[in-house]
Amino acid sequence: MPSLGADMDAGTLVEWLKQPGDTVAKGDVVAVVETQKGAIEVESFLSGTVERLLIAPGTQVPVGTPLATIRTDDEAPGAARGMAPPAMPVPTVIPPLPRTQPAGPPALATERIRMRASPAARKLASERGIDLTSIAGTGPDGAVVLRDVERAAQVSPVPAPVPLVPEPAAIRRGFDSSEMRKAIAAAMSRSKREIPHYYLAHTFDFTPAGAWLQRLNAARPPAERVLPAALLVKSVAMALKSYPEFNGAYTAEGFRPSTAIHVGTAIAIRGGGLVAPAIHDADSKSVDETMATLRDLVARTRSGRLRSSEIFDPTITISSLGDRGVDGMLAVIYPPQVAIIAFGTPALRPWVVGAGIIPRTLITATLAADHRVSDGHRGALLLLEVERLLQQPEAL
């Protein structure tokens, strides 16, 4: 069971997507796990053949517990490696799941587990007693989204009949905003308790970046336009190349800098709460590639289809208030990261240029950093580097 954040102690295995005998490649999705932040697709970190499944669907499993064993191509049968740190105790092995599901009601229960639906859609369907399998989804990859459930509720307001075969009680259904708030509170309490935060704020001219975006987007349809968030991600990623002490994790052995730059981007979830999945190797992506990745992450976050690698490996987080109209924010570091940068809303303000005062679009960037790893001098240089990069957005 992978750790999907500092606030996670255990997860519930919802579904196996691979069976014994199946071949998997590194990065393949092998299972779906339910956490306080919703359903997460778990990827394999090995390539080989699935040998055994160790955990039955519906079981709550502590972080670090092996879920399955995978035999790599250079291993003999029976020498498979577990999908978890080998030092953890291995639970009692359950019989391999059948490769084909039996006919009748049990197959219905399995199909209900596999149904793609956004957290908001699951919640409303549960409240209205609507069977998600009876709804044709209009979201990404056919996922059922909130408007689909609302439409079904108007057409058939009478609660659907209770299934003949009850679903496993251990499998939690839908998005629970109160559970997510508990998870966020636990992580943030730990952060403020263990990490000596220091804060810096810097307001600078965003006009060059805004003007460049206007020119770039002028001939593009709305679906292909680049938003300011993509520029912010790219500028932070490039600045970290010069200031690596803000990119990494603080562990029991001390600070561990990361050679890769994976920028976690805070995304609000409809219904409350937020997650910050990673844009991997953000320094090597173009602005257009960054925007495409950001769109994909937002869509999959809101349809409940994030992958485990996107949750557990951000090396820094940024949060942007976008069009919320707030000048700035003081963010809290997400452990084990050592920094977070927050951006306020770009807004037109009076600004001194030369000997005159003219209207310019300004933005405020706020850095929260871990004083065990860096200090205000280096933090100030990092923010100034972000500003410098945004003055020449065409170079990003």
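Coordinate-derived values only; no laboratory data. Treat the numbers as computed from the prediction; the structure is a model and nothing was measured. Because the Cβ atoms are built from the backbone with ideal geometry, glycine has one as well, and the counts that use them run over all protein chains shown.
Numbers for the structure displayed
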| read-out | value |
| --- | --- |
| Sites ALA347 and ARG193, calculated FRET efficiency, Cβ-Cβ separation with R0 35 Å, nearest 0.05 | 0.50 |
| Gained length - GLU289 relative to THR72, 0.36 nm times residue gap less alpha-carbon distance | 74.8 nm |
| Additional length obtainable on full extension of the chain from VAL298 to LYS241, 0.36 nm per residue less Cα span | 17.9 nm |
| Fewest-first ranking of LYS234, LYS26, using other Cβ atoms within 10 Å as the exposure measure | LYS26, LYS234 |
| Coil-residue GluC sites (Glu not before Pro) of the range 202-298, DSSP, other Cβ within 10 Å capped at 12 | GLU253 |
| Unit charges on C-beta of K, R, D, E only; dipole of the range 10-82, Debye | 180 |
| Least to most buried among SER3, SER309 (fewest other Cβ within 10 Å first) | SER3, SER309 |
| Ranked VAL236, VAL386, criterion: other C-beta atoms within 10 Å, fewest first | VAL386, VAL236 |
| Gain in span if fully extended, SER47 to THR251, counting 0.36 nm per residue against the direct Cα distance | 70.6 nm |
| For the range 199-305: rounded, prolate or oblate by the Cα gyration tensor [a/c cutoff 1.5] | oblate |
